[in-house]
1. Kindly indicate the residue of the range C:117-158 that is closer than 20 Å to C:ARG101 by Cα and aromatic (Phe, Trp, Tyr) and also nearest to the chain's Cα centre (by Cα) among those meeting that condition.
2. Do you know which residues across the range D:303-325 are more than 21 Å from the chain's Cα centre (by Cα) and not aromatic (Phe, Trp, Tyr)?
3. Pull up the range B:249-280, narrow it to residues that are among the small types (Gly, Ala, Ser) and in contact with a helix residue (DSSP H, G or I) (Cβ under 9 Å, 6 or more places away or on another chain), then point me to the one that is surrounded by the fewest Cβ atoms within 10 Å (Cβ to Cβ).
4. Kindly establish whether A:TYR316 is more than 12 Å from chain C (Cβ to nearest Cβ), in a strand (DSSP E or B), touching a strand residue (DSSP E or B) at 6+ places or on another chain (Cβ under 9 Å) and not acidic (Asp, Glu).
5. Would you mind finding the one in D:VAL171, D:VAL213, D:VAL175 that is closer than 20 Å to D:TYR285 by Cα and not small (Gly, Ala, Ser)?
6. Somewhere in the range C:301-310, is a residue closer than 24 Å to D:GLU161 by Cα, within 12 Å of chain A (Cβ to nearest Cβ), in contact with an Asp or Glu (Cβ under 7 Å, 6 or more places away or on another chain) and surrounded by 22 or more Cβ atoms within 10 Å (Cβ to Cβ)?
7. Before we move on, is A:ASP212 closer than 24 Å to A:VAL175 by Cα, more than 9 Å from every other protein chain (Cβ to nearest Cβ) and out of contact with any Asp or Glu (no Cβ under 6 Å at 6 or more places or on another chain)?
8. Limited to the range A:89-114, what total is found for residues that are among the basic types (Lys, Arg) and either over 10 Å from A:ASP26 (Cα atoms) or modelled with pLDDT under 95 (or both)?
Number of protein chains: 4
Amino acid sequence: MTGPIPAPRAGDLSRAGDPPPLEPPDVVRAAYAELFVTSLPEARRFWVDLLGFVVTTETTNALYLRGYDELTHHNLVLRAGPVAACGALAYRVRSDADLDRAEVFYGALGCRTRRMPAGHTAGVGGTVRVEDPLGFTVEFFASSAHPQRLQQRYDLRRGAEVARLDHFNLVVPDVPSAYSFYSALGFGLSETIEDSTTLYAAWMYRKQTVHDVAFTGGAGPRLHHLGFFAHEAHSVLRMCDILGSLSLESCIERGPGRHGVSNAFYVYLRDPDGHRLEIYTSDYYTGDPDHPVLRWSVRDPRRRDFWGHAVIPSWYSDASPVLDLDGVAHPVSEIGQPPEATVGADGFTAL
Amino acid sequence: MTGPIPAPRAGDLSRAGDPPPLEPPDVVRAAYAELFVTSLPEARRFWVDLLGFVVTTETTNALYLRGYDELTHHNLVLRAGPVAACGALAYRVRSDADLDRAEVFYGALGCRTRRMPAGHTAGVGGTVRVEDPLGFTVEFFASSAHPQRLQQRYDLRRGAEVARLDHFNLVVPDVPSAYSFYSALGFGLSETIEDSTTLYAAWMYRKQTVHDVAFTGGAGPRLHHLGFFAHEAHSVLRMCDILGSLSLESCIERGPGRHGVSNAFYVYLRDPDGHRLEIYTSDYYTGDPDHPVLRWSVRDPRRRDFWGHAVIPSWYSDASPVLDLDGVAHPVSEIGQPPEATVGADGFTAL
Amino acid sequence: MTGPIPAPRAGDLSRAGDPPPLEPPDVVRAAYAELFVTSLPEARRFWVDLLGFVVTTETTNALYLRGYDELTHHNLVLRAGPVAACGALAYRVRSDADLDRAEVFYGALGCRTRRMPAGHTAGVGGTVRVEDPLGFTVEFFASSAHPQRLQQRYDLRRGAEVARLDHFNLVVPDVPSAYSFYSALGFGLSETIEDSTTLYAAWMYRKQTVHDVAFTGGAGPRLHHLGFFAHEAHSVLRMCDILGSLSLESCIERGPGRHGVSNAFYVYLRDPDGHRLEIYTSDYYTGDPDHPVLRWSVRDPRRRDFWGHAVIPSWYSDASPVLDLDGVAHPVSEIGQPPEATVGADGFTAL
Amino acid sequence: MTGPIPAPRAGDLSRAGDPPPLEPPDVVRAAYAELFVTSLPEARRFWVDLLGFVVTTETTNALYLRGYDELTHHNLVLRAGPVAACGALAYRVRSDADLDRAEVFYGALGCRTRRMPAGHTAGVGGTVRVEDPLGFTVEFFASSAHPQRLQQRYDLRRGAEVARLDHFNLVVPDVPSAYSFYSALGFGLSETIEDSTTLYAAWMYRKQTVHDVAFTGGAGPRLHHLGFFAHEAHSVLRMCDILGSLSLESCIERGPGRHGVSNAFYVYLRDPDGHRLEIYTSDYYTGDPDHPVLRWSVRDPRRRDFWGHAVIPSWYSDASPVLDLDGVAHPVSEIGQPPEATVGADGFTAL
């Protein structure tokens, strides 16, 4: 893969000849996402009553939710809106100085950026929002209120007993470019799906797990799913059982199963607006400086499901639109390479 | 053990020379227990709010509770009373004719018996109550209302997710006599704790599990614990975590751990009145007609805890008093043999 | 369903006017199956090395295997043969007298029967083999050698940690007839899949579990699968992980998942000859004399998979041929009703 | 606690007046430990055959072991020696420059340091060994060979299915000094046990988990235990079951149970030489720059066992001696404060 995928360099996507590459903000981790939902009461029933997310703050138009281990204000902001979409993906950065760095870094790439005052998003300090080169609205924040520590309040746990946000999975038409840009942002690469000519998907991290963000090739930019961490596999099974109990089994899109990539035990659910989330367990440590990349062949039927099951087509085709800084849906570009879903385990590409 | 323990024969405890031995009632299984508690609200908080038992019926003075798999009316009756005690242990029998057989069988042994009309215990038909030769009040019933089937209502499950009553564990001063009597009642023997001279404990069954009733040597008659079945070990762990969350960890008397006897994964809890219950998982099938007995040496430290941990003294010493047919506490006789708790793994008896 | 399905009566399938109906053998439980495999070494690798079955006895042409809880000689006999097929399904009966009853009972129905001497099947006493009215070769035995008790040899456990055989699942063209015949044999009914006119599937038991045998409508007689019990869901997940590790994920046909019917957590695997087995956990107690039947609508998408996933077509279409008393494959009759697989959740029958 | 515990400053333990404080090496994580054992074959049986550690390399006098997730050469070096002792605790540092920094940093504190050539410890590059101010021999390394990735070789997993080393737990007579020194080394503080006057124990981290090292007050320096991470609680239970199966239950010193501190589900085992290890699951993310400290009162009975069980005395009293750079056992100093084990939950100190 060293051939087809250019080695990442800071400033890779900046205009040629710009010396020196700018210092990116020091991203700590994927921290929260903002989703627009068409019915806040229905979203509340799904995310809070069924999945068991903790409500940190509730306003007329928004719900701020977190997992049981989370020690910052929230992992998810649900806002009432006219259409279902992803408003922003938020990374925590190390310090306020990193907010300045973010503004300069993205500005130098020609990206629109916007300072948001403290409190625009409840519980966090001032943020910098950017429209990134991939088309996603990304929010950076450096400080957050600490809510009540609930990790050992087993008496309160319900649903999937989600611990915290783990990662964003994004659909992009050009995975190598997404990989290069996030490399320049300082993200490490843990796993890939590829063949001799194409990088189909990439998993990248800042915190010491398999990923904070992953890229899947397809029409984009779109949000494929939000991944939330749970501690043990039986919590995943339990979540499915609860949905079956209530005849809501149609919310279960795919799994439970074991991923080849990441080795996680997972299930994919769809919320009432079709937003997809993953309940994700297992994972592994990636904090060593020479952490080796695990490269999966696109022909290995175990890459997406270690138990060999076919992936349901909607999982490859559906994703949430993303909004720009003004709240307008970002146009979607078609993928410029053979989509992974069409590559057979029998060794040829269907397209 | 064939030496010290007389082979069971029907009518064993009846007067010598009475031919032929009377036919015992056809016991189906241990079905429910009646416990008197000194505060019904506190008992409700423990059994319902924390442990997650389902309330089938509630009256001013009583709570009728069941597990999530149970398809008869209840597994536990909690009644308000002046002192904490066990009112009755109830076995389901196969038919109404078995109620008659119970009356005759126990009457012939000189035991007091009493017909209770349908509805005396909510949800069951007419019953026969007896003061059995071991000093316990035992209730037989042949029919029960079927409550709503909740097994697949995972959305309702809480606490230990108890499925059903599994067994009664009784403290008796004379384990061989208890064994002989229950053999005459048609119970099979699955496991024992013994040495060359003494039977310290016995596990006996009618349904196809390790036991419906077990006998432990000690001052009795007293109720050692009620065993409730749960499907998986993580439910046991969860129950303990919930109690710890609420600083109610003092309710956890012993375990979680693995039993040598029965191979079950267990925890013992004490309710606000000190009544002991076990959350009990695993178990095994005993329905074959020649099911072999598993005999544990009293010197095997794994018999009570397969992981070798010492048993807390209260577990051997404490138990609930039992009431007679008139609701008067049965006097307790001291054990007539070395108690198991004093037999060291080092091969000598401390007493 | 009381309409379309005739109430079971003893001797239902005997010639009209035969008074009184014959007493059926007292079946204790489904105990073992005999499968013919085309390569004993490959079968050994699958069943023993991967799935972790215990070898009780091995001969030149046969392997006798059991689960870790099993206290009779075997749960599965694998025999080398020219074609993959099911040789016999074996039920344990209560006593030798039940062998005689089996011979008379089936003989009176016009079925061929054959006495097999002790040792024909290793580890069991003399048996009676019959070609039953449904076309299956059924073996009855009354006594078995007790192998070493391995339940607490956790050091030896591997693979799926199978405890024992749980049930046979049979494909028959006429489910109501199969149900009626097994009712006459004394089997209880625990669950069904049906609509107002058709009984699509039935689960029937002698031991106190959901089933010893189940009937699924389709071209038959054929063996759909053997169900083996494991204690906890994580053993099912582990088995799949092991198969994925070895790139044998194609052995995983369906699941893991939760059944609506039986509430079991399951996975279906296929052995090297295509014989299907289920690793089956959870289950519930059915020993009460008035155990209520749970009737699932064929339109409920949760009946086969509580989490709503479509059933892979091979699961409905494929099954193992069965051999007659002479080892000749039994001809297969087409199903005489709409197959369940063609009934959509949208409320109409595709056929 | 801000009162009694001095705020950490780099160079805290260096000679007063030395400006500026020296830059400590950039520690990545606790990586491996070196234990001397009196019988390598017996140690092999325990660590490899029973616990299931993977052998990376084996020499005449040493075994190099790792967990299934580990991507560096080893997590544990077992060396044959005349007495059971801890030879060294090894931290990975970010780069070779950090080896130099370690040498200068410890040298400036008056500590003996020694360069070890690549290969002295198999699989790692050159290291710096130091006798740290607390009396432990600590080894720093910057590079390691990558062994075969076994994380998804579920077919090979055995025993406790240990994933990787998680932490060192050290007994020191002066916990505040240990805390201060490791703060100067750049470690964060996640949890403590304390009261208004005393810091009894501290958990400190570099990687984004609860700890890489913890300090418990007592006669020291001694190694209390090595903590190894496993993914799910059932692996902990399984390990205990295996030991019970083989009548090795005396290896199980404490647990399984839930820690209050760290929230981990744990068990403590002792190897044939008495070295203690913990199988440790659950844990939580600590990577945020303002990660809040969780401070447990020494009077909270849940701090050491969330389920309230008393801690067995040997767990407080026993620990492994540590060797200096020349392989001589470091003398042990008595604790200079009330030991935690003597502080009752009833609110007074027993000493």
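1. Only one residue fits best here, namely C:PHE136.
2. Across the range D:303-325, the qualifying residues are D:GLY308, D:HIS309, D:ALA310.
3. The initial filter retains those residues of the range B:249-280 that are among the small types (Gly, Ala, Ser), namely B:250, B:255, B:257, B:260, B:262, B:264, B:274.
Then drop every residue that is not in contact with a helix residue (DSSP H, G or I) (Cβ under 9 Å, 6 or more places away or on another chain), which leaves B:250, B:255, B:257, B:260.
Values: B:SER250: 12, B:GLY255: 26, B:GLY257: 26, B:GLY260: 23.
For the range B:249-280, the residue satisfying everything is B:SER250.
4. Details: more than 12 Å from chain C (Cβ to nearest Cβ): yes; in a strand (DSSP E or B): no; touching a strand residue (DSSP E or B) at 6+ places or on another chain (Cβ under 9 Å): yes; not acidic (Asp, Glu): yes.
Answer is no for this residue.
5. On the way: D:VAL171 fails: closer than 20 Å to D:TYR285 by Cα; D:VAL175 fails: closer than 20 Å to D:TYR285 by Cα.
Sole residue among the options that is closer than 20 Å to D:TYR285 by Cα and not small (Gly, Ala, Ser): D:VAL213.
6. Step one: list which residues in the range C:301-310 are closer than 24 Å to D:GLU161 by Cα, which gives none.
No, there is no match, as no residue in the range C:301-310 is closer than 24 Å to D:GLU161 by Cα, within 12 Å of chain A (Cβ to nearest Cβ), in contact with an Asp or Glu (Cβ under 7 Å, 6 or more places away or on another chain) and surrounded by 22 or more Cβ atoms within 10 Å (Cβ to Cβ).
7. Working: closer than 24 Å to A:VAL175 by Cα: yes; more than 9 Å from every other protein chain (Cβ to nearest Cβ): yes; out of contact with any Asp or Glu (no Cβ under 6 Å at 6 or more places or on another chain): yes.
So A:ASP212 fits the description; yes.
8. Filtering the range A:89-114 for residues among the basic types (Lys, Arg) gives A:92, A:94, A:101, A:112, A:114.
Those still in the list that are either over 10 Å from A:ASP26 (Cα atoms) or modelled with pLDDT under 95 (or both) too: A:112, A:114.
Qualifying residue count, the range A:89-114: 2.
The values are calculated or read from the model by the stated rules, or taken from the named source; none is laboratory data. Everything quoted here is computed from the prediction, not taken from an experiment. Cβ sites come from the backbone with ideal geometry, for glycine too, and all protein chains shown count toward neighbours.
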